[in-house]
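Chemist: What follows is a single structure, and I will ask about it in a moment.
The values are calculated or read from the model by the stated rules, or taken from the named source; none is laboratory data. Here the structure is a predicted model, which means the values were calculated and not measured. In this analysis, Cβ positions are derived from the backbone assuming ideal geometry, glycine residues included, and neighbour counts consider all displayed protein chains. Ligands, DNA and RNA are excluded from the accessible area calculation, which covers all protein heavy atoms including side chains. Shrake-Rupley method; radii C 1.70, N 1.55, O 1.52, S 1.80 Å.
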Amino acid sequence: AYTRGAREGLSLVGATLLGTVALYDALRALGRVHGPPLAPYGYTAFVQGVMMTLLSRFGSLRRQLERRAAELNDRGRALARANEELRATQDELVRKEQLAAVGELAAVIAHEVRNPLAIIANAVATLRRPQIPVSDRDTLLQILDEETLRLNRLVGDLLRYARPVTVQRQLISLREIAERALVLTQGHEQVSAELIEAAPAEKIWGDGNLLRQVVENLITNALQAK
């Protein structure tokens, strides 16, 4: 009790009184001293000392628990603030990624739109020439219709960029796709393009617009890298 500090002092006092009373009652029983028995008072003092010690321990533990609870509350508030800051940082990163994705998408769409616009410009320039055969005029008008539909589809793809691409398969001619794509080379005096077909290619099932994008992107990249 002495080593545990003042909290155990009452218990130490009660134990000392109980020992003193026990010694007194023993001497009284031997006839060495005279007087009333004091054992009940000694036990009462001892029990009260123990109870007060337990109450002191309980109060100390309660104060420790209150301090721990206050520390936990402070840590909880700090974690909540850190979580809010982390969420704000994450939202900012998401917004930056979205802006970057929109920028990349805009660059891709601009690249894809230039191809049909170049074909339309070449077709219009050819239509303005005098004495164009009727068959060529009809072909050029058909090209204008196809490129207009293609631009419309590109705009639709831009509006639905978050959705997966829907492939529209049909019978297509790879030679026609290549011929239409080679129109992009017109107007480049230093470029010479030739379509070589070792054997007539049969029609295949595929998405003509997507395949044209592939071929035209290859031609556009070649023109830019010449």
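Chemist: How far apart, in nanometres, would the label points at H111 and L99 be if each is projected 7 angstrom from Cα along the Cα-to-Cβ direction?
Modeler: 2.3
Chemist: Compute the accessible area per residue over region 64-190, keeping the other protein chains in place, probe 1.4 Å, unit Å².
Modeler: 77
Chemist: What does the charge add up to near Q98, with Lys and Arg as +1, Asp and Glu as -1, over the other residues with Cβ less than 15 Å from its Cβ?
Modeler: In short, -2.
Chemist: How are the alpha carbon pair distances in region 80-226 distributed across 10 Å bins from zero to the largest one, expressed in percent?
Modeler: All Cα pairs considered, the percentages come to 9, 30, 30, 15, 8, 5, 2, 0.
Chemist: How do 175-186, 66-77 rank on mean C-beta neighbours within 10 Å, highest first?
Modeler: Answer by packing, highest mean first, reads 175-186, 66-77.
Chemist: Computing the accessible area with a 1.4 Å probe over protein heavy atoms, can you report the carbon and sulfur percentage for region 99-226?
Modeler: Summing carbon and sulfur atoms, their accessible area is 57 percent of the total for region 99-226.
Chemist: Quick one: Cα centre-to-centre distance for region 70-107 and region 117-138, in angstrom?
Modeler: 56
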